[in-house]
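Student: Pasting a structure here, questions to come.
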Amino acid sequence: MERKEHWENVFSTKTEKEVSWYQDYPKTSVDYITALHLPLEAKIIDIGGGDSYLMDALLDLGYTNLTLLDISAKAIERIKARLGEKAGKVTFIVSDILDFNPTEQYDFWHDRACFHFLTDAVQIQQYVAIVTNALHHKGNVLIGTFSDKGPKKCSGLDIKQYSQEHLRLLFEKDFELKGCFSEDHHTPFGTIQNFLFCGFKRK
Ligand SMILES: C[S@@+](CC[C@H](N)C(=O)[O-])C[C@H]1O[C@@H](n2cnc3c(N)ncnc32)[C@H](O)[C@@H]1O
């Protein structure tokens, strides 16, 4: 099944709590963003944001320049419906990340459990080039993937697990590693998935 078809199917057939990655509040991501003390008008983009609650949380905190990109139009339809009027304050982009050709530069790039679906070395390098191109000079990035102690699949698809060193090497040309931390995500099914989050700053 094609990548897009897979995700349209997921968001058309499963409720939010029927997917392993569900969080009612994305605390790790919100804490990371707030600790950066970005101005509220900072340009923030969430890659593969799906219908997660990150946009809701950032809108509540007063951020005004938010973008969500996802391959699934259905996911975006769902988050727009949930946000109601507030959806007008977010820019939504339906695109495969690998086809994303940004027309502006972002101050903060967030990716929780999207990057790890790229398993092909050429596509991984393409992603790194896209972040580099999209990020403002001195912009920040937070990437969350399954760690090498985490699952090998997500949503039935193969993923690539990462170690801190592996992520550092991938991004080292243009990014300084600020730090990494591991997180046990408790899924709605009562299982645990070990994530690795690494934060980078554009050199
Ligand atoms: C595991 S979910 C994580 C969703 C969200 N980031 C969260 O933490 O709740 C992966 C998301 O990435 C999106 N996605 C997968 N591959 C993608 C790609 N190549 N380009 C853009 N979005 C993609 C899916 O549609 C889905 O919303």
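Only the coordinates and a few stated rules stand behind these numbers; no lab work does. Note that the structure is a prediction, hence the values are computed from the model and not measured. Note: ideal-geometry Cβ built from the backbone for every residue, glycine included; neighbour counts use all protein chains shown.
Student: With just the Cα atoms defining each centre, how far is segment 58-127 from segment 131-173? Give it in Å.
Tutor: After rounding, the separation between the Cα centres reads 16 Å.
Student: Right, here's the next one. When 1/r is averaged over all different Cα pairs and the result inverted, which Kirkwood radius in Å belongs to the chain?
Tutor: Across the chain, the inverse of the average 1/r is 17.0 Å.
Student: Which of GLU183, GLU85, GLU18 moves the most in a Gaussian network model of the chain with Cα springs under 10 Å?
Tutor: So, out of GLU183, GLU85, GLU18, the one fluctuating most is GLU85.
Student: Same structure again: Short version: what are the Cα gyration tensor semi-axes of segment 22-78, square root of 5 times each eigenvalue, largest first, in whole Å?
Tutor: Working: eigenvalues 76, 33, 17 Å².
Rounded to whole Å, the semi-axes are 20, 13, 9.
Student: Among the lysines, which fall within straight-line cross-link reach of LYS74, defined as a Cα-Cα distance under 30 Å, with same-chain neighbours fewer than 8 residues apart omitted?
Tutor: Reachable lysines: LYS4, LYS14, LYS17, LYS27, LYS43, LYS86, LYS89, LYS152, LYS153, LYS160.
Student: About the Cα centre of the chain, how large is the charge dipole given +1 on each Lys and Arg Cβ and -1 on each Asp and Glu Cβ? Please answer in debye to the nearest 20.
Tutor: Using Cβ point charges on Lys, Arg, Asp and Glu, the chain gives about 220 debye.
Student: Counting only Cα, what are the radius of gyration and maximum Cα-Cα distance Dmax of segment 54-109, in Å?
Tutor: Rg, Dmax (Cα atoms, Å): 11.5, 30.
Student: Kindly provide the trypsin sites (Lys or Arg not before Pro) of segment 124-168 that DSSP labels as loop, not H, G, I, E or B, and whose Cβ sees at most 14 other Cβ atoms within 10 Å.
Tutor: Those that pass, being in a loop and sparsely packed, are LYS149, LYS152.
Student: Starting with the highest mean, order 40-49, 88-97 by the number of other Cβ atoms within 10 Å, averaged over the residues of each peptide.
Tutor: Final packing ranking: 40-49, 88-97.
Student: Sticking with this one: Which Cys residues of the chain have no other Cys beta carbon under 4.7 Å away?
Tutor: CYS114, CYS154
Student: Another one. How large is the convex hull of the C-alpha atoms of segment 96-203 per residue, in Å³?
Tutor: In segment 96-203, the Cα hull volume divided by residue count equals 101 Å³.
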